[in-house]
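A quick write-up on the structure given underneath.
All of the numbers you see were taken from the coordinates with simple rules; none came from a lab. Keep in mind it's a predicted model, so treat the numbers as computed, not measured. Ideal geometry is used to build each Cβ from the backbone, glycine not excepted, and the neighbour counts take in all protein chains shown.
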Amino acid sequence: MAGPRQRSWTNHQRRFLLLLTGKAPVAWGNPPPCAGTVDIAGFGLAALVPSGWQAPEGAAPVKVHGTQVIPHMNGRAYFANGCSSGSYNPADYLAFNLPGKTMRYTTDLSGSTCGCNAALYLTSMHHSTHAGECSDYYCDANSVCGQSCAEIDLQEANQFAWHSTLHTSTDSSGLGAGYGGGGKGWSGPRSWMADQYGPYSECIDTTMPFDVAVSFPADASCQLTSLKVVLSQAGRYCPVSLEIKGYSGMAELTEALRRGMTPTVSYWGSDDLGWMDGLGADQKGPCSFDAPKACAEVVRFHNFSIHEIENSPCVKKLTDQPPADVVQQGRLFSKVATAAGCFIVGAIVTYAVLIAVPFTRQLGGLQPPVGPHNTAISTMTSTKVQPISDRNGDLKRAQLSSGGLLAMCGVQV
């Protein structure tokens, strides 16, 4: 086992290599593990990369269980096509071009009371060039980690409130729709009311899972025209919906989507979430106060899919990135190929030493060492007898040479 100094030096080497490769280390202790992969129908497997914003204490977990993504309280994770535990690389984050497409998923918000925020949203993390204060290249419209970028909130919600919002990189408030929120002098969106959405409500009973469809309608030039959201639930026949259009930042969001935006999940609580679930000036919002300590430990997202909108004039490829399983297979093949190549080189060196050294001795180029204990051997020049100990030495030297090459390739021998 390595001592403290050895471990410290290994960590320093690791951080230096991460910086050289454009990856950002996130914690000085044990790195948070990769969460796993989840299937997105219409794309393939996506890896979940956990946030490092709580480092060095460690990030709150976002777990994957079968088809479910499960953020724990204060957890955040990014959809990617690869994950390297302990480092963050924006090139890994998925970059989805969604105009002309619909993204569907199922969410379970049971236990997320007033003061909780279960969010699924898109940001331009794939193109982020600075690791930021959170060390993971996170960016959003509110510069939470010191980096701003375009943001599209598919949902910010709990059992009582729902918001979907469009933000340019400089518009922290954005333009939203849904239900809930407000203050003394203003009211939040009222696309539907509490009798349609909430615990045991008529249309969406938020004590149980329900389905979400987020569409990105676009014109023939693939310019985003609006954001449409439909909530529905099995066994209930009154889906609720919203549409956000006429936003002044549509051109910027269209460009951000064209370049590709990264899906992100998070779950957090606050006693100051009145903007999302407060009563509002009309007193028709759902929550008179927020109690984040009452929030359930987890929320759930699953059944992800992305498909083209039927008869959409905008038809573009979702992304040029391969799914996570393809990336993983490529990395595994690369490791196997590297190990095989190094093994072959090591074998060649081993046999070269075993053949070349005795041949050189036969030509008189190498002689056994002369000393008081092997004088007799040194005088036997006509027979060129090689001591057994020297043959063993040749083999050891050959093994050291080949082993060194294998070690350089990261293969233990």
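With contacts taken as Cα pairs under 8 Å and at least 6 residues apart, region 22-321 reaches a relative contact order of 26 percent. Lysine pairs in region 22-321 whose alpha-carbon atoms fall under 28 angstrom of each other, counting only those eight or more residues apart or on distinct chains, come to 19. Note on 245, 228, 293: ascending count of other Cβ atoms within 10 Å places them as 293, 245, 228, the fewest first. As a proxy for reagent exposure, 302, 126, 163 were ordered by neighbouring Cβ count within 10 angstrom, fewest first; the result is 302, 126, 163.
Computed with the Debye formula from one identical point scatterer per Cα of region 110-176, without solvent, the log10 of I(q)/I(0) at q = 0.17, 0.18 Å⁻¹ comes to -0.62, -0.68.
Legend: ranking of residues 102, 67 from fewest to most surrounding C-beta atoms inside 10 Å; resulting order 67, 102. The label point for residue 307 and the one for residue 232, both projected 7 Å from the Cα toward the Cβ, are 1.0 nm apart.
The alpha-carbon positions of region 57-172 define a convex hull whose volume is 135 Å³ per residue. May I have the pair-distance distribution P(r) for region 22-321, computed from all Cα-Cα distances with 20 Å bins from 0 and rounded to whole percent? With 20 Å bins starting at 0, P(r) equals 36, 60, 4. Here region 76-106 and region 119-195 have alpha carbon centers that stand 17 Å from each other.
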